[in-house]
1. With all protein chains present and a 1.4 Å probe, how do 406, 127, 453, 301 order by accessible area, largest first?
2. When a/c reaches 1.5 or more, the comparison of a/b and b/c decides; with that in mind, is the range 591-637 rounded, prolate or oblate per its Cα gyration tensor?
3. Say a paramagnetic label sat at a point 7 Å from the Cα of residue 161, along Cα to Cβ; which residues of the range 26-56 have their backbone N under 17 Å from it?
4. Just tell me which aspartates and glutamates come within less than 16 Å, Cα to Cα, of residue 98; anything on the same chain fewer than 8 places away is out.
5. Quick one: which of 405/460; 27/358; 326/438; 95/124 span more than 20 angstrom between C-alpha atoms?
6. Would you list, by chain and number, the aspartates and glutamates whose Cα falls below 19 Å from the Cα of residue 399, excluding same-chain residues fewer than 8 positions away?
7. Please report, in Å, the Rg and the Dmax of the range 178-234, where both are computed over Cα atoms only.
8. Sort the range 355-410 into rounded, prolate or oblate with this rule: let a ≥ b ≥ c be the square roots of the eigenvalues of the Cα gyration tensor; rounded if a/c is under 1.5, and if a/c is not under 1.5, prolate when a/b is larger than b/c, oblate otherwise.
Amino acid sequence: MVENFLNLSQYYENHLTTNDKINILRKKVNTQSYKYTIVIFFDVDNVEYQKVDLEETKEDGLKYLLTDGPSNGINYSPTALVNDYKKTFENKILKYFKSEESKEKKLLKSKLNLFNKIYNELEKNQEKIKTKIDNLINEISKNKESSKNTKYLITIGFINKNNEKEIRYYLSDIIQEEIIQQLKTSKYYEDFVKIKEIIVSKFQESISDIKSDGVCYGCNKNTEVLAKGFPLTFYTFDKTNYIANGFKRNEMYKNFPLCLECIYKIVDGYNFIENNLKFKISKHSYYIIPEFVLLDKNHYEFTNLFKDYIEKFYKEKEKIDKLTVKLTEDRNEILDYICNKIQNPNITYLLNFLFFEKSQNAFRIKFYIENVLPGTISKILKAKEKIDLIFDSKDFVNKFDKNHKEILTKEFKLDDIEKNTLNSDEKVFFEIIGNILKLTLIDKKIIFKYITETLSKKSKSDFSSDFKSIFENVIYNFKFYLLLLELDLIESEKGVGIKNYEKEVNQMNIEKIENRNILIIEEFFNKFERAFNNDLLKFAFLLGSLTQIFMSIQYKERKSTPFVKNIKNFKMNEQDFKNLFTELKNKLLEYDVHFKTHKILQELITFYYLKAGSNWKQNYKNTTLEEVNFYFALGMSFSEYIKKFIKENTNGNQSDDNQSDSNQGGEIDE
């Protein structure tokens, strides 16, 4: 990871100037969140307080030279993100100018001392400043376009009133050589020149308390190395259990020795990741960290070329987005672009995915997936696109009730696996994402165990409404399972059926079932051939379809569906399924249902029931009851489709049309 960050630094082969260090330390902000900045202005000549302005944040916040710092202390520069503006003013701005250590005071050459002057002005006018800030924020809050969640930056600035036009200087201006020359008339000119050195000094002092001579992990040089400074603060220095080398704090530099120059360059590379390659899946943030396979001594040319492509993506995002496929809901997702759209033989790389959580200054790594091939991402994207096309085809969608078409055509994204499939199990979610990105096998028993747990919870309430939530969950999980099958991530086993299959089928008088009907339904199963790889699953699916069709008829007559109790919240065992089929046939007779479609469905269910055999556990060792229950629920969700599909292909009785499955449920009659 250290090498990856170093490779992405724009200063990879350069010696760093003070301005370079400042540019590395300053941070961008999201201007959609931090839309406004509070600027406390002083006149540039005498550094006397002038006014407070609230302005739209400029240049993604870079204008104000925002830097990090300890969460319970001051930042390296007098700019901060505002939580409570009064506390932020006192703790991040006022204290910045009060807490100068003697080492930093030596950098201020003027006898007047700029920092003392600013502190005195802030102290003297702080009530006036706070009142003004309060009024400005209240004024913004009255604006209907302003969100209640609007956040602010706070900083200082300077005004030159010697000209007719007011000239404003922000912190990022004062570090520029050509601009600092404009301040020569100020009494504090010599101190203005030193501001950038003070900012750098504060940062370096904050990371230099544990250091020694050693070999730098980044550049491999024998030099002074520091324990702190790596931008991902995933370990601490104040707890004994985090300290190596005999629990000696002063030797912690041995854990992760880095020289100061490499620390700056690593932070710079990390900033590129933070600003350009940070994304979300579900509720989790993650970085994509490219690992370059360097084929030439001038490898920095490759990394710069890669960075140019990334920057081009954001500049032309609206245009590029129309040509890319996305795996997640993140609008900035870039996977298709970097894996398929960057066509350059000089760039060879792998992708690492770092899932993390930030809490104040702590950085917790949740999961790390390394060495993912761009070709693997391309394969996943193609599989996902194929599944979306199946469920978006008019021929397919038009056989469903109009209320469900929107659910069917919704683009499949990986985000909902955590909630819809895995019942919000974060650990398993990360493992599944890792399996997908590395194309390693997934135990389908785990998948169906979680799916049926979710379905069981939903069925206790959703059958009493409109079945829509269950339908949505089932369709999503079917798409997900199809994706896994398309990627060859599921070990499939065709059911062996029963050994005396021919004898059983003959006893059933199979000739009574038209071969054409079997061919017709097999045509449907062949659309999802790998998903319907054994007769038991076909039986469960068709049984689910006929069950839902009957419950729609029952609801139409009774305004309730007492038959739903036979489904047992999708926790049926082998005997429950068999009893359900028997009870279903009796109910169809009781309700005097004699449509041709229902008759064909009954015969097909019987056909696959006999083919599946009488000992499911023995005959289908890789098919669990959870999987069978899911396919039953899938059949219920496809009931409208199956009824129309059979009717269209068998010239079924048109009077079937008066029995619609559009009402997928109804109240449960206890």
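The values are calculated or read from the model by the stated rules, or taken from the named source; none is laboratory data. In this text the structure is predicted, and so the values were computed from the model without any measurement. Using ideal geometry, Cβ is built from the backbone for each residue, glycine included, and neighbour counts are taken over all protein chains shown. With ligands, DNA and RNA removed, areas are computed over all heavy atoms of the protein, side chains included. Shrake-Rupley method; radii C 1.70, N 1.55, O 1.52, S 1.80 Å.
1. Largest accessible area first, the residues go 406, 127, 301, 453.
2. Details: a/c = 3.48, a/b = 1.76, b/c = 1.98.
Taking the square roots of the gyration eigenvalues as a ≥ b ≥ c, the range 591-637 is oblate.
3. 40-53
4. Cα-Cα hits under 16 Å: 90, 121, 123, 191.
5. 405/460
6. Excluding near neighbours in sequence, the set is 388, 411, 466, 472, 522, 523, 640, 648, 656, 657, 661.
7. 17.0, 47
8. oblate
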